[in-house]
Amino acid sequence: MAVLVTGGAGYIGTHTALALHEAGRQVVILDDLSNSSERAVDAVRSLMGADADDVPFVCGDAADVELVSRTIIDHGIDEVVHFAAFKSVSESVERPLAYFANNMGSLIGVVEAMAATDVRRLVFSSSCTVYGEPDEVPVTEASPTGAANPYGWTKLHGEQFLEQVASAGDLDVMLLRYFNPVGAHPSGTMGEDPHGIPTNLVPFLMQVAVGRLDRLRVFGGDYDTPDGSPVRDYLHVVDLAEGHVAALDALGSTPGCTAVNLGTGRGYSVLEVVAAAEQVLGRPVPHEVVDRRPGDVARIWAETELAERVLGWTAGRDLTEMLADHWRWQEAHPAGFGG
Ligand code: UD1
C-alpha cells in the first residue's frame with residue numbers, strides 16, 4: 001500500500017509517516033513547509049533508515065488539485081492521510097478567513113484529487129474541538145457537536161463535507177478526533193518544532209524549561225474545575241500516530257464515514273501538567289496564572305470505547321512518558337530542527 005501524507009513534515013505528520021513505514025507501507029510526504037521544515041523530513045527518513053527515493057517529499061500546497069493528482073498518479077497512491085492545516089485556536093480567532101481558506105481549501109483540494117484519480121480511502125485529521133464546550137464529559141462520538149472558535153469550525157465543516165461526499169458513495173473516511181497530542185519520538189531526534197512562539201501548552205512549557213521563553217502563562221484559574229485551570233486529555237504523539245495506522249487498516253472493513261475519538265480517556269489540568277513536568281525536569285518551571293484565553297473550553301476528555309472496538313487501538317503511554325519524551329527532544333534541540 002502507498003500512502004500520501006499531506007502535512008507530513010509537521011508534528012503529527014512526521015510521527016505518523018514513521019508509524020506507517022514501520023507498519024510496512026510506502027509513504028509519500030506532501031507539505032508546503034508553512035509551519036515545518038525539510039529537516040523534519042530528513043529526521044523522519046533517518047529514523048526509517050530510508051532515503052529520498054524510498055520516501056519521496058513533494059513541496060507544495062494540498063489545495064493544488066493538479067499537484068496532488070499528479071503526486072497520486074506518479075507514486076501509485078492507494079490511501080491518503082490528510083493533516084495539512086493550520087491549528088492554532090488563538091490565531092484562528094484573529095484570522096478566521098485565513099483558517100477557513102487554508103483548512104477548507106486544502107481538504108477540498110485533496111478530495112477533488114482523490115476523486116479524479118479513483119482513490120477512496122481517507123483518514124482526516126479532526127479534533128475534539130468539534131465538541132465545542134461539552135455539557136458532559138467524557139465525550140462520546142455521539143455527543144453534540146459545535147465549535148468555540150474558527151479553528152474548530154473548520155474541523156466541523158470539514159467533517160460535514162466528508163460525511164456528505166462519503167454518503168454519496170465516493171469515499172471511505174475515518175474522522176479521527178484527536179485530543180491533545182504531546183510528546184516526541186523517544187529517540188529525541190524528532191519532535192514538535194512550531195514556527196515562532198508556540199501557542200500549545202507543552203511546547204511553550206518546554207521552551208520555558210530550555211530557556212527560550214521566560215515564563216509560562218496559565219490561561220485561567222477560575223474555571224469550574226478542581227484547581228481552576230482547564231482540563232484536557234493529553235495523549236502521546238506516538239500513540240496517536242499508531243492510531244492512524246489502525247484507522248487505515250480498519251477502513252477496508254468499515255466503509256462510509258466513521259468518527260472516532262483518539263484520546264486516553266483521562267483528563268489533567270494545566271496546573272497538573274506543570275507539576276508533572278516539574279517532576280520530570282527535577283526543577284520548577286516559572287509560571288503564573290493569568291486571564292482566560294478566548295476560545296478555550298473548561299474541560300474535555302474522551303470516551304475511548306469506540307476506538308478500542310473499531311480500531312483495536314488504545315493509548316498506552318502515560319503523562320510522565322509524554323513529558324519525558326518531549327523534554328528529551330527539546331533539551332537536545334533547543335532551537336528545534338535548526339539546532
Ligand atoms: C485545541 C483543541 C485541540 C487541538 C489543538 C490544536 C479544543 C478543546 N482543543 O487544543 O483539539 O488539537 O487546539 O492546537 O479546542 N495553555 C496555557 N498556556 C499556554 C498555552 C496553553 O495555559 O501558553 C492552556 C490552554 O488554556 C488549555 C491547555 O493549556 O487549557 C491546552 O492548550 P493547547 O495546547 O493550546 O491546546 P487546546 O487549546 O486544548
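The values are calculated or read from the model by the stated rules, or taken from the named source; none is laboratory data. These numbers were taken from a predicted model, which means no experiment stands behind them. Quick reminder, even Gly has a Cβ in these numbers, built from the backbone with ideal geometry, and neighbours come from all protein chains shown. For accessibility, only protein heavy atoms count, side chains too; no ligands or nucleic acids. Shrake-Rupley method; radii C 1.70, N 1.55, O 1.52, S 1.80 Å.
Annotations for the structure displayed:
Yes/no per residue for (1) within 14 Å of the ligand (Cβ to nearest atom); (2) among the charged types (D, E, K, R); (3) assigned to a strand (DSSP E or B):
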{"site": "Gln207", "(1), (2), (3)": "yes, no, no"}
{"site": "Asp227", "(1), (2), (3)": "yes, yes, no"}
{"site": "Thr258", "(1), (2), (3)": "no, no, yes"}
{"site": "Asn261", "(1), (2), (3)": "yes, no, yes"}
{"site": "Asp296", "(1), (2), (3)": "yes, yes, no"}
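- Tallying residues that are surrounded by 22 or more Cβ atoms within 10 Å (Cβ to Cβ) and either free of Cβ contacts under 8 Å to residues at least 12 places away in the same chain or aromatic (Phe, Trp, Tyr) (or both) within region 204-235 yields 1.
- Qualifying residue in region 299-316 (condition: within 10 Å of the ligand (Cβ to nearest atom) and open to solvent by less than 30 Å² (accessible area, probe 1.4 Å)): yes
- Thr71 vs. criteria surrounded by 17 or more Cβ atoms within 10 Å (Cβ to Cβ) and away from the ligand (no atom under 16 Å from the Cβ): yes
- Note on region 30-54: residues that are within 16 Å of Ala335 (Cα to Cα) and among the hydrophobic types (A, V, I, L, M, F, W, C) total 2.
- Close pairs (7 angstrom Cβ cut-off, 6 or more residues apart or separate chains): under 12 Å from Pro150 (Cα atoms) in region 95-112, among the hydroxyl-bearing types (Ser, Thr, Tyr) and open to solvent by 10 Å² or more (accessible area, probe 1.4 Å) anywhere: Tyr99/Tyr151
- Selection within region 176-191 - farther than 21 Å from Pro286 by Cα and within 13 Å of the ligand (Cβ to nearest atom): Leu176, Arg177, Tyr178, Phe179, Asn180, Pro181
- Residue match in region 317-335 (condition: at pLDDT 95 or above, open to solvent by 50 Å² or more (accessible area, probe 1.4 Å) and either more than 21 Å from the chain's Cα centre (by Cα) or within 15 Å of the ligand (Cβ to nearest atom) (or both)): yes
- Considering the conditions (1) more than 10 Å from the ligand (Cβ to nearest atom); (2) open to solvent by 50 Å² or more (accessible area, probe 1.4 Å); (3) within 16 Å of the chain's Cα centre (by Cα), Val238 is excluded by exactly one of them, (2).
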